[in-house]
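Presented below is the structure to which this report refers.
Rule-based calculations on the coordinates, nothing more; no lab input. Quick caveat: nothing in here was measured; it's all calculated off a predicted structure. FYI the Cβ positions are ideal-geometry reconstructions off the backbone, even for glycines, and counts take in every protein chain you see.
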Amino acid sequence: MVYVRRESNADRSARGDGIAPSSRVSKSGAGWGFCEPAGFEPPQVDGVEQRFSWLDPRPLWDSRNDVLARLLGDPTNERRRRWIAVLRPSDTDRIVTDFAGDETAFVVLGDTGEGDASQYAVVTPLIRRSEGCAFLFLCSDLVYPAGGIEEFGRKVLSPYRGFPGPIFGIPGNHDWYDDADGFMYWFCGARKRPRRARRMPLSRAWWRDRLWRRSPQARVKELERIEQLRPAPSQPGPYFAIDAGPLRLVAIDAGLGGPLDRDQGAWLRRVSAGSRPKILLTGKPLFANGLRHERPIEDGGTINGIVADEANHYIATIGGDVHNYQRYLVPLKDGRRQVHIVSGGGGAFMHETHTIPRIDPDRCGGAREEDVRLYPLRGDSLARYSQLYARRLGTLGQMLVIPPDAATAIMGKRLGMQPVRHSAQRARPGPWQSTSAAILRALPGRPHGPLHFPFSVLLDWNDPPLFKHFLRVDADAAGLHVRCYGVSGCRDAEQRPPVEDHLVAEPGRKGVWDWRLAGPA
């Protein structure tokens, strides 16, 4: 059977006003060179300009629950079960069916909620490219540093008040640092906290609960103000499914990153069954930084196994938590291919890509370097980090600065690949620039490494090039389009953000969907 793809809303929009060049073909597409910053300053609250800074020790102290969970045991699975018991315990399937029909379109972005300029820079391009979209999905870490009912209003409902459709989301680890009080209040309609478990005095769990950060008290007047911004989200729980057009979106709550709780695991197996094509949305990606990550379930098995099972018809996964864009096209044993996407560039500080090695298929589920796409490019990441360290180190740090084309050429030589950007192919880095690159690779800041804090967060910035992004998904019976739009923070690209990646899945024989690349080059 031959399928003919109909022109989507996104296609018509792009055809009407053009698309800015991507970072793969143009330095200006990445945000280098002359760049007038777009007007993306966050609004004032109570007469105070909202600026988030990881240099302030309070965000790090407010995030202490992550450390406590690692040292004294992770209580998230137990507390999630208690939340489910007070939300909608009779709604065992938790499937939203409001978007039935032959086609759908929606926007996904992850790791959004700093509430500062780097988050607001994404809003205008997102609204511009969301014409015809049914809903917005926020994938992990909606609020930094540590949840809070008022903070969800300021960092979720306020920034996206111009989005015309409903908002859905799943909590990330930072959203659990207040026992998910803020998330459950706004997204699931919870108005009563579940009771806390009783602990044996002086046990590890008892000490953990004594030190555990609790949700700050919300003010009635502030809640009333927030409620006027836009309709609050309404979803069945922190994990649920959406039947949208021909797709089923299966959204799981990965908590602080430990095993998925047994109740959620049973639910996941149940809603994953059947021939309907599915996309998994998760706070912890299955592939990231060149590695395949096993995500276990409390009572046995793995999320990876459920997703790879041919009978479940998963065609893609999208995960947050890592603050950049990564795409892996992974072959499966039965001949299918799956797309695994990291989408964590919605507003938080950027994790670098220049430390991601050349992709090894043995460590990356069979994916090869040519099956992977990163944004920012490794060279752009190296160039930006050279500037950031130069800012922190002062005059001495200026010796570390590497121009973007030289940095891209250096990364190409190190990885044994030709740079994709033509201007970088002509670059001839000098010896000192190569030495600077080696120094920068040795400096701290790698995602989830032992020195992730404080170095990655100390290198946060709010000026172009930002290298943020969001996803737009269009699907009908003829196929599925996934576009990654880059956000540089430059005014000339704000109304027409570039497409950094574009994939198409089309159904073939026996209803099996497979992928092809549609651009950019």
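For the reader, a short list of remarks on this structure follows.
- Whole-number D in µm² s⁻¹ for segment 324-426, Kirkwood Cα-pair radius fed into Stokes-Einstein, 25 °C, 0.890 mPa s: 164 µm²/s
- Cross-link partners of Lys468 among lysines (Cα-Cα below 21 Å; sequence separation of 8 or more within a chain): Lys27, Lys155, Lys284
- Cβ crowding within 10 Å, taken as a proxy for footprinting-reagent exposure, orders Trp267, Trp206 from fewest neighbours to most as Trp206, Trp267.
- Relative contact order computed over the chain (Cα-Cα under 8 Å; 6+ residues apart), in percent: 19 percent
- Cysteines in the chain lacking any other cysteine Cβ under 4.7 Å from their own Cβ: Cys133, Cys139, Cys188, Cys364, Cys484.
- The ranking of Thr302, Thr395 from fewest to most other beta carbons within 10 Å of each one's beta carbon is Thr395, Thr302.
- In the chain, the DSSP-assigned H stretches of four residues or longer account for a calculated mean residue ellipticity at 222 nm of -8000 deg cm²/dmol, using -39500 (n - 2.57) per stretch and the full residue count as denominator.
- Residue exposure sequence - Met417, Met200, Met184 - by fewest surrounding Cβ within 10 Å: Met200, Met417, Met184
- Between the labelled values (1) 50, 26, 23; (2) 33, 29, 23; (3) 48, 26, 20, the entry that holds semi-axes √(5λ) of the Cα gyration tensor in Å as derived from this structure is (2).
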